[in-house]
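Trainee: Below: one structure in C-alpha cells.
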Amino acid sequence: MELQHKEIPVEFLQRLPEGIKIVKRHGKEFMVVESVFGPNGEDLVSRSVHIHGEPTLRLGVTIGNRTGMIFVDSFWGSHAKLYSFVPDDAHENAEVNAFVPETGASLMADRECDIQGCDCKRSILLNLPDGRSKVYVCARLGCPGHSIDLADMPSEVAKSVGSINFFGVGSLDESWFDEF
Ligand SMILES: [Zn+2]
C-alpha cells in the first residue's frame, strides 16, 4: 500500500499538545505519539521495544481467549504491531480488549469508529500528558481508525488531525521505512 502523506494542520503544529511530536522522514513531517498514560497515570510507552526507530505504545490485550502484550507503532495512523504471544484469533475483524499491563485497568471506551465500513463501537483510550486531551484507537485489529480530542483546540482541527492517515487503509509498506 502506498504511503499517502497528508499535511498536518498549521494550527495543530503551532500548538502541538504535550505527548505528540513531529518527526521528519524523507523530508516529510509525521506525527508520533510520544507519551500516553492509562486511567490512573500509568506510563504506556515502551522505551525498550521500537518500531520504525521510535518507542512503542505498550498495551495488555485480550484477543479471543488469549491474553498478552502488544507493542503498537507510535506513528500516527500506522497500525503496525508486535505481539508478545501468538494470538489464536488475530484475524482482521477481531476486537481487542486493552488494559494497563501491570494493573489490568481497562483502557476501553465506548466510542464509535469513524472509518467507513467499520462498525466497531469500542476504542482504546489513551490519555495525553495534559490529562484532558485523548487519543482513541479503534478496537478492531485490522482497522486504522484513530482520532484525537484536544483540549484548547477547535474541534475541526482535532477532526482534521484524526483523519490524517499517513499509511492509507491497509497494511503499512515496511520497505518505505527501510530506505532511510
Ligand atoms: Zn474501526
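Trainee: Can you name the condition, by its number, that TRP76 falls short on among (1) more than 22 Å from LYS6 (Cβ to Cβ); (2) crowded, with 20+ Cβ neighbours inside 10 Å?
Mentor: With respect to (1) more than 22 Å from LYS6 (Cβ to Cβ); (2) crowded, with 20+ Cβ neighbours inside 10 Å, TRP76 is out only on (1).
Trainee: Criterion first (at pLDDT below 95, in contact with a Gly (Cβ under 7 Å, 6 or more places away or on another chain) and not acidic (Asp, Glu)) does GLN4 satisfy it?
Mentor: Spelling it out, GLN4 is indeed at pLDDT below 95, in contact with a Gly (Cβ under 7 Å, 6 or more places away or on another chain) and not acidic (Asp, Glu).
Trainee: Given the structure, is SER46 of a type in the set (Gly, Ala, Ser), away from the ligand (no atom under 15 Å from the Cβ) and open to solvent by 50 Å² or more (accessible area, probe 1.4 Å)?
Mentor: The answer is no for SER46.
Trainee: Now a separate question. Being within 9 Å of the ligand (Cβ to nearest atom) and open to solvent by less than 40 Å² (accessible area, probe 1.4 Å) is the filter here, so list the residues in segment 102-139 that pass it.
Mentor: CYS113, CYS118, CYS120, SER123, CYS138, ALA139, listed by residue number.
Trainee: Output yes when any residue across segment 59-68 is buried (at least 22 other Cβ atoms within 10 Å of the Cβ), within 16 Å of the ligand (Cβ to nearest atom) and not aliphatic (A, V, I, L, M), and no when none is.
Mentor: No - not one qualifying residue is present in segment 59-68.
The values are calculated or read from the model by the stated rules, or taken from the named source; none is laboratory data. It should be emphasised that the depicted structure is a prediction, and the values quoted were computed from it without experimental measurement. When we count neighbours, we look across all protein chains shown, and the Cβ atoms used for this are built from the backbone with ideal geometry, even at glycine. Just so you know, the surface numbers come from the protein's heavy atoms only, side chains and all, with ligands and any DNA or RNA stripped out. Shrake-Rupley method; radii C 1.70, N 1.55, O 1.52, S 1.80 Å.
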